[in-house]
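Nothing in this text is a laboratory measurement; each read-out follows from the coordinates by a stated rule. Keep in mind it's a predicted model, so treat the numbers as computed, not measured. Because the Cβ atoms are built from the backbone with ideal geometry, glycine has one as well, and the counts that use them run over all protein chains shown.
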Amino acid sequence: MLEKALRGSKKYWTWLLALAVLIAIGFFFYLRQLYTGLGITGMSRDVTWGFYIAQFTFLVGVAASAVMLVLPYYLHDYKTFGKITVIGEFLAVSSVLMCMLFIIVDLGQPMRLLNVIFYPTPNSMLFWDMIVLNGYLFLNIVIGWNVLDAERNGVAPEKWIKPLIYISIPWAVSIHTVTAFLYCGLPGRGFWLTAILAPRFLASAFAAGPAFLILLAFIIRKFTSFDAGTKAIQALAKIVTYAVIANLFFFLCEVFVAAYSQIPEHTAHLEYLFFGLHGHGALVPWMWTSIALVVAAIILLVIPQARQNETTLGFACVFVFVGIWIDKGLGMISGGFVPNPLHEITEYVPTVPEILITIGVYAVGFLVLTVLYKVVTGVKEELAG
Amino acid sequence: MENSRRRFLKNAGFSVLGVGAGSMLIGLSAHTAKAAGPDGGQRPQFSMGDKAMEAERWGMVVDTRKLNDSLCRKMQEACHSIHNVPEPVGESARRDQIIKWIWPTEFKHAFPGQEVEFLAEDVAHRPIVVLCNHCDNPPCVQACPTKATFKRERDGIVMMDFHRCIGCRFCMAACPFGSRSFNFRDPRPDIEDENPDFPTRMRGVVEKCNFCAERLAVGKKPACVEASDGALTFGDLNDPDSDVRKLLAEQYAIRRKPNLGTFPSVFYIV
């Protein structure tokens, strides 16, 4: 099937070339980082995880969201999602790939990566994260590819695929749960030390991921003859609506606990993010933008006419995606590190090389996604024709 | 004749090599046997000399009443110079990425959440040295995915294997005391006077205070304790007759963030 990715229009190749250029730029700066060390990033002794780990956290959510297509189709026999489950699975593949790359570019000694396997340490959450991420990547490649191949040949998927599909459903939940456990099990980091972190991560994932899927469906429809269908898109829109409201609700629960209990360790971080602390407030405008975007999206999504109109739905999806990206990809990680354990403030701003490396990793993900989707749409067009 | 002489030389050469390699092997195995403590021979550790100081759980009591700026500087210098901690200077140096094993701070930073209202001026502004607490229940060890940081069973010191660390910095997120530093760049050019008896680090690994495990192995107290003019007391917390236990029995001492359940082994008399 891969041959479908080798034949494409001029636009297709231009897009791939543009991504390749971004990858090359990112790789160049990564080599510099490898040579001089992580000192070229904005990270510091106090904010030891920055943009890379934040993108990883956000993308784990995008990856997990494939389950929002797989679960209704396979557990509830919701046939409308039948022809787009593979779109979700391949989005998961490219997202998990980006997650892994973000972890690798964040390591001080990436050539020692295999030490995690040579000295397996089950009490470290990073060990489990490695297992769930690799497992999820494997599951989605195998399932997506085989189901698509069977569809192309007009036969039912192989029998052994079914159990893998059922496993992939709780597995999707596990990847974001374990990712939340990286943070919420750490003593002395009041911002993350909350049992609702994993549920909140899942809610934001099931909002941002399906919102992105809707946007991808629009793009695919524009450039190919494959249409996910209004019914599927509207069903996804309802999922986004519920999830983004749940996400806001969980966040407000968080705010209540901190604000009402007034325990400084819990209020300090929220205060830093939304109002600034002792004159430091680099993220304040970002965080309020995030809130505004999420609230605007909720308003658009709960009004049936606005949700059913694809233009306003498109805007709502962009708002959800960007709003949650700011929350998780920007505020969530540095917010936990400021103030530091000694209640001192060191702010974090990513540097240019750091941003270019980040863009390079995203370009790798989009390249893989484009190639996989080219195969999917090629097969679908072949079947339709 | 020529041929046999050459053969002789060749054989002799190999023999010398063989003997050399053999004795090296013997030497190595003897060394491992000597170094292997209760936690087995796999751990990197300093072989214990005859004069080695041993304890079940090393601990420290800091008498903050005896601290002042110059004394703190002296202790930090003693520690950092012995352990090859880089001192980056110049304009390109990023102050937010420095490495520190022991450093002075104020009461409110050393003990956030334990603030005392209307604290006496002298206490509020007196320098208080902070360092790795060598927690009895260390969260950094729990977080490390490669066991590069570990608690030495023999005496409770929380140590680092610089050669195993992958630089993920999970331990730094886990430490509630900000005691760990990361080598954001190659530290070697910034070491003014290298101590050949202690390893230098490379970029991309985490490091922190090791309670001078390398000095304890040859019967010396930690460098900061030696330089402290009696402000720092070091000893076995599990031995009721030790200096630290006697001091703790006489004086009221506090620990940093006791509510987190990490059980720090560094105590502070305020």
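Data overview
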item	result
Fewest-first ranking of A:W171, A:W286, A:W13, using other Cβ atoms within 10 Å as the exposure measure	A:W13, A:W286, A:W171
Within the range A:2-384: Cβ-based charge dipole about Cα centre, in debye rounded to nearest 20 (Lys, Arg +1; Asp, Glu -1)	960 debye
Of A:I359, A:I167, A:I233, the one that fluctuates the most in a GNM where chain A has Cα springs shorter than 10 Å	A:I167
Potential lengthening between A:K10 and A:L75 on full extension [0.36 nm per residue; Cα-Cα distance subtracted]	19.3 nm
Per-residue average of Cβ from other chains inside 10 Å of B:159-171	5
Cα-based helix-to-principal-axis angle, A:264-274 vs chain A, degrees rounded to 10	60 degrees
Near-label residues of the range A:177-211 by backbone N, under 15 Å of a point 7 Å along Cα→Cβ of A:A18	none
Of all DSSP beta bridges in the protein assembly as shown, antiparallel share, percent nearest 5	80 percent
Exposure proxy ranking, count of Cβ atoms within 10 Å, fewest first, for A:L2, B:L131, A:L236	A:L2, B:L131, A:L236
Among A:W288, A:A237, A:F56 the positive-end extreme of the charge dipole of chain A (Cβ point charges)	A:A237
Highest to lowest packing among A:313-326, B:72-85, B:95-108, scored as the average C-beta count within 10 Å	A:313-326, B:72-85, B:95-108
Cβ-based net charge around A:G37, under 15 Å, with every Lys or Arg adding one and every Asp or Glu removing one	+3
FRET efficiency, A:V155 to A:I131 (Cβ-Cβ, R0 22 Å, nearest 0.05)	0.10
Sum of side-chain charges, B:K221 neighbourhood, beta-carbon under 14 Å (Lys, Arg +1; Asp, Glu -1)	-4
Spin-label model distance (nm) - A:V318 vs A:F249, 7 Å beyond Cα toward Cβ	2.9 nm
Student exercise, the range B:185-270 dipole from Lys, Arg, Asp, Glu Cβ charges, in Debye to nearest 20	500 debye
Förster-model FRET efficiency, 51 Å R0, A:I359 and A:E382, C-beta, rounded to 0.05	0.90
Degrees separating the helix A:352-384 axis from the principal Cα axis of chain A, which is the longest one	20 degrees
Ranked by how many other beta carbons lie within 10 Å on average, peptides B:184-192, A:204-212, A:91-99 from highest	A:204-212, A:91-99, B:184-192
Spin-label model distance (nm) - B:E153 vs B:N137, 7 Å beyond Cα toward Cβ	2.1 nm
Exercise: per-residue mean of other protein chain Cβ atoms within 10 Å, A:42-54	4
CD proxy at 222 nm, helix term only [per DSSP H run n ≥ 4: -39500 (n - 2.57); per residue of chain A; nearest 500]	-24500 deg cm²/dmol
Cut-off 10 Å between beta-carbons: net charge of the residues surrounding B:D186, Lys and Arg +1, Asp and Glu -1	+3
Per-residue Cβ neighbour rank within 10 angstrom, fewest leading, A:I175, A:I87	A:I87, A:I175
Cα gyration tensor shape for the range A:90-232, rounded if a/c is under 1.5, else prolate or oblate	prolate
Estimated FRET transfer efficiency when R0 is 30 angstrom, pair A:K162-A:T230 (beta carbons, to 0.05)	0.55
Net dipole in debye of the range B:96-164 [+1 Lys, Arg Cβ; -1 Asp, Glu Cβ; about Cα centre; nearest 20]	500 debye
DSSP loop trypsin sites (Lys or Arg not before Pro) with at most 10 other Cβ within 10 Å excluded, longest remaining stretch of chain A	A:160-385
Value of relative contact order over the range B:103-254, rounded to a whole percent, pairs C-alpha under 8 Å and six or more apart	15 percent
Per-residue mean of C-beta atoms belonging to partner chains within 10 Å, peptide A:29-39	4
In nm, spacing of pseudo-spin labels at B:F263 and A:H280 (7 Å Cα→C-beta vector)	3.3 nm
